[in-house]
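Coordinate-derived values only; no laboratory data. Everything numeric in this text was worked out from a predicted model, so none of it was measured.
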Amino acid sequence: MIRSTGLFAIVLTCASFVVAQEAATEAPEASTNEVATQKTEIDAAAQATLDELFAQNADAKGLYDKASGYAAFTALKAGFFVTGGRGTGVAVNKGTGERKYMRMATGGIGLGIGGQRYNLVVLFEDEAHLNRFIQGGWDSSASAQAAAGSDGIALTSSFVGGVAIFQITDRGLMAQADVSGTRFWVIDELN
């Protein structure tokens with residue numbers, strides 16, 4: 001019991017550190033030009049992520065076409081038995097065109113040592129799921145199967161619990177995209 005409590009405390013400390021570091025690096029007030037530049041960079045990264053996803057998985061394009069909205073993030077995850085990660089992205093309502101610029105942070109315990117850059121795409125079946133995600137009420141323990149068609153893994157062609165999640169690494173589309181232990185929040189100064 002004490003050992004698992006200690007591990008939980010380490011994970012909680014790591015996740016808190018990642019969130020605190022992210023908050024500390026955010027500028028108190030960015031100029032209008034800086035804000036516009038940041039939004040343009042995030043939008044370009046999101047579009048590149050979507051393009052890469054569609055190139056690797058034709059079924060993902062079909063789900064995107066049916067989706068009410070999406071969120072696309074670029075993130076970095078690193079660890080030495082205790083892992084932490086952070087990233088930025090945008091959530092988009094396809095019907096209205098409204099964009100919410102967001103951050104993400106994750107923490108956990110892993111066996112690996114090192115770092116990895118990855119992209120994350122979340123497709124939302126309806127506006128209710130998209131709005132819950134933006135407002136912070138989304139269950140980040142949800143995970144969905146993503147596909148790596150070139151690796152022979154069965155393709156996902158449906159939403160699971162109102163979402164479809166895809167994670168793309170330097171090795172391609174992951175067979176299992178998992179966002180458990182991940183927190184997403186709106187970047188106030190960009191919205």
The stretch 44-112 - convex hull of alpha carbons, volume per residue in Å³:
102 Å³
Which lysines have a Cα lying under 25 Å from the Cα of residue 39, excluding residues fewer than 8 positions away in the same chain?
61, 77, 94, 100
HN-Hα J couplings of the stretch 186-191 from phi, Karplus 6.51/-1.76/1.60, θ = phi - 60°, integer Hz, Gly and Pro as x?
6, 8, 4, 6, 9, 10
